[in-house]
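Visitor: Take a look at the following structure, please.
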Amino acid sequence: MDEGQVPFAVHAMPEPGERRVAEPRDLRFVLRDATDAAHRRLDAGFAAHDLTRRADYVAFLSAMSGPFWQIEGWLDGIEAAFLPTDWPVRRRFRELRADLEGLGLAFDPAAGAESGAERPSEEEAPGLLYVLEGSRLGGQVLLRQVVTSIDPQVRANARFLSHGEGQRLWPSFAAWLGARPAEGHEAAIRGAHRAFALFAAAQSTG
């Protein structure tokens, strides 16, 4: 992967024209600062993937699959008040699974999932979502690799990385995070760290 690319950009890069100065207690920036080390470790682990190559692309999707399956399942069971109103539109596991199947690989729910893990609290949901939604930013970078692959099967199975194109899902999510009450920040941080841990575990066993 070229230097400067972001393999798993869970930390928010500004949208064009977006203000860089935020309110001091904006949860988006609280989470960014609290999870910086975990984010950098995950980036380093994924940086070696060349997603124009089928083997690397399959390895990447496989590492994403277990955590996405588990986290989206957790979020589906959380009270709606703790989720954005458009949460159903944001789900991406179905597209991820379709990409894997299109590349000839069956989904393994044990890959990167916590067997018998205790469900997170509702207050942790914003942190879990932060990691999933922030990965869209890195996905935009990675998609540019995938669409240049010489392998037609790689190019044909980019549903996961292209999900939500043109819908401005990150800016609307960032606005939702900014409106979360300060008393829920610590729980949200726990949720984000839990999500990062799932992805790190899947990465290490991939």
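Visitor: Determine, yes or no, whether HIS193 is open to solvent by 60 Å² or more (accessible area, probe 1.4 Å) and over 30 Å from ARG53 (Cβ atoms).
Guide: Values: open to solvent by 60 Å² or more (accessible area, probe 1.4 Å): yes; over 30 Å from ARG53 (Cβ atoms): yes.
Answer is yes for this residue.
Visitor: Right, another one. Which condition does GLY77 not pass, out of (1) surrounded by fewer than 16 Cβ atoms within 10 Å (Cβ to Cβ); (2) touching a Pro at 6+ places or on another chain (Cβ under 9 Å); (3) modelled with pLDDT of 90 or more, if it passes all the others?
Guide: For GLY77, the exception is condition (2).
Visitor: Further question on the same structure: Test ARG19 against the criterion of being modelled with pLDDT of 95 or more and out of contact with any Ser or Thr (no Cβ under 6 Å at 6 or more places or on another chain), and give yes or no. Give the steps one after another, and end with the answer.
Guide: Numbers: modelled with pLDDT of 95 or more: no; out of contact with any Ser or Thr (no Cβ under 6 Å at 6 or more places or on another chain): yes.
The answer is no for ARG19.
Visitor: Oh, and also: Of the residues in segment 44-55, how many are under 16 Å from SER149 (Cα atoms) and open to solvent by less than 30 Å² (accessible area, probe 1.4 Å)?
Guide: Within segment 44-55, residues that are under 16 Å from SER149 (Cα atoms) and open to solvent by less than 30 Å² (accessible area, probe 1.4 Å) number 1.
Visitor: Filter segment 82-98 down to the residues that are farther than 21 Å from MET64 by Cα and open to solvent by 40 Å² or more (accessible area, probe 1.4 Å), then identify the one that is modelled with the lowest pLDDT.
Guide: Once the filter is applied, the top-ranked residue is PHE82.
Visitor: GLY184 passes all but one of (1) under 30 Å from GLY102 (Cβ atoms); (2) part of a helix (DSSP H, G or I); (3) at pLDDT below 95; which number fails?
Guide: Result: GLY184 fails condition (1) only.
The values are calculated or read from the model by the stated rules, or taken from the named source; none is laboratory data. Bear in mind the structure is a predicted one, so any value in this text is a computation, not a measurement. All Cβ positions, glycine included, derive from the backbone under ideal geometry; neighbour counts span all protein chains shown. In case anyone asks, the SASA skips ligands and DNA or RNA and just uses the protein heavy atoms, side chains included. Shrake-Rupley method; radii C 1.70, N 1.55, O 1.52, S 1.80 Å.
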